[in-house]
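Take a look at the structure below.
The values are calculated or read from the model by the stated rules, or taken from the named source; none is laboratory data. Everything numeric in this text was worked out from a predicted model, so none of it was measured. Don't worry about glycine lacking a Cβ; one is built from the backbone with ideal geometry, like all the others, and counts go over all protein chains shown.
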Amino acid sequence: MNFPNRETVQRLRREYLVGCRIVLDEMDDPYTKIPIGAQATCQGVDDAGNILCAWDCGSGLSIAFGADHCHKVGTEEEAKVTLEWYGKHQSRENARCPRCGCQMEGPTSHHALSRRAGIMICDEDGMREALEDAGILKRMPLMQWAAIAGPEHGEGAWKG
Ligand SMILES: [Zn+2]
């Protein structure tokens, strides 16, 4: 068994903030059914350097220090998977817009469906996406959406 020193655990805690999104690269467990590329929400890092995960598939297996490998969501494609996941769990009322973070008053279904992923966004952002697609506005990367950038910067797990 490979145990990390304190500095390593602290570095891991700075990198894997609670709420950030994680992609599985490798899991050294023949019995696990979590596929490579699966995503999870980080729940923290324990004293042994294991990354505590809430996997989208429902599993709660940790990423074992020194044995398993993962990375944070870092590409547009990975961010899209995260946003699709959030879209399936979006609040039906008064959800937060995953793009700008504002609160969307009333039923979520009355707002705009994003052109980027299966998730509802505020009407203003719906307009912005239309203008982006018309070439009038520069396209905003998914990595900059509030639902992705907030958790990556330590604001905790996205709740929308
Ligand atoms: Zn918005």
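Can you report the number of residues in segment 104-124 which are assigned to a strand (DSSP E or B), out of contact with any Leu (no Cβ under 9 Å at 6 or more places or on another chain) and near the ligand (Cβ under 10 Å from one of its atoms)? Counting residues in segment 104-124 that are assigned to a strand (DSSP E or B), out of contact with any Leu (no Cβ under 9 Å at 6 or more places or on another chain) and near the ligand (Cβ under 10 Å from one of its atoms) gives 1. Contact annotation: residue pairs with Cβ atoms under 8 Å, 6 or more positions apart or on different chains, pairing a residue in segment 78-91 that is farther than 14 Å from Ser109 by Cβ with a partner that is crowded, with 18+ Cβ neighbours inside 10 Å and modelled with pLDDT under 95, are Tyr86/Gly160. Taken over segment 19-33, the criterion of being under 17 Å from the mean Cα position of the chain (by Cα) and surrounded by 15 or more Cβ atoms within 10 Å (Cβ to Cβ) is satisfied by Gly19, Cys20, Arg21, Ile22, Val23, Leu24. So, in segment 125-147, of the ones that are of a type in the set (Asp, Glu) and farther than 18 Å from Gly87 by Cβ, which residue ends up nearest to the ligand (Cβ to nearest atom)? The selected residue is Glu132. Of all residues in segment 90-98, at least one satisfies being within 14 Å of the chain's Cα centre (by Cα), away from the ligand (no atom under 12 Å from the Cβ), at pLDDT 95 or above and not charged (D, E, K, R). Taking the criterion of being among the basic types (Lys, Arg), surrounded by 12 or more Cβ atoms within 10 Å (Cβ to Cβ) and part of a strand (DSSP E or B), would at least one residue in segment 4-14 satisfy it? No: segment 4-14 contains no residue that is among the basic types (Lys, Arg), surrounded by 12 or more Cβ atoms within 10 Å (Cβ to Cβ) and part of a strand (DSSP E or B). Is there a residue being surrounded by fewer than 14 Cβ atoms within 10 Å (Cβ to Cβ), without any contact (Cβ under 8 Å) to a residue 12 or more places away in the chain and farther than 18 Å from Arg6 by Cα anywhere in segment 34-44? Yes, some residue in segment 34-44 is surrounded by fewer than 14 Cβ atoms within 10 Å (Cβ to Cβ), without any contact (Cβ under 8 Å) to a residue 12 or more places away in the chain and farther than 18 Å from Arg6 by Cα.
Taken as a whole, the condition of being in a strand (DSSP E or B) and more than 16 Å from the ligand (Cβ to nearest atom) applies to Gly44. The single residue among Asp47, Asp68 that is over 12 Å from the mean Cα position of the chain (by Cα) and either surrounded by fewer than 19 Cβ atoms within 10 Å (Cβ to Cβ) or among the hydroxyl-bearing types (Ser, Thr, Tyr) (or both) turns out to be Asp47.
Conditions tested, residue by residue: (1) over 17 Å from Val23 (Cβ atoms); (2) in contact (Cβ under 8 Å) with a residue 60 or more places away in the chain; (3) buried (at least 17 other Cβ atoms within 10 Å of the Cβ).
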site	(1), (2), (3)
Ile63	no, no, yes
Glu76	no, yes, no
Arg99	yes, no, yes
Arg116	yes, no, yes
Ala130	yes, no, no
Asp133	yes, no, no
Met140	yes, no, no
Ile148	no, yes, yes
Trp158	no, yes, yes
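Just one of the listed residues (Gly101, Gly150, Gly160) is assigned to a loop (DSSP other than H, G, I, E, B) and either among the hydroxyl-bearing types (Ser, Thr, Tyr) or more than 10 Å from the ligand (Cβ to nearest atom) (or both), and it is Gly160.
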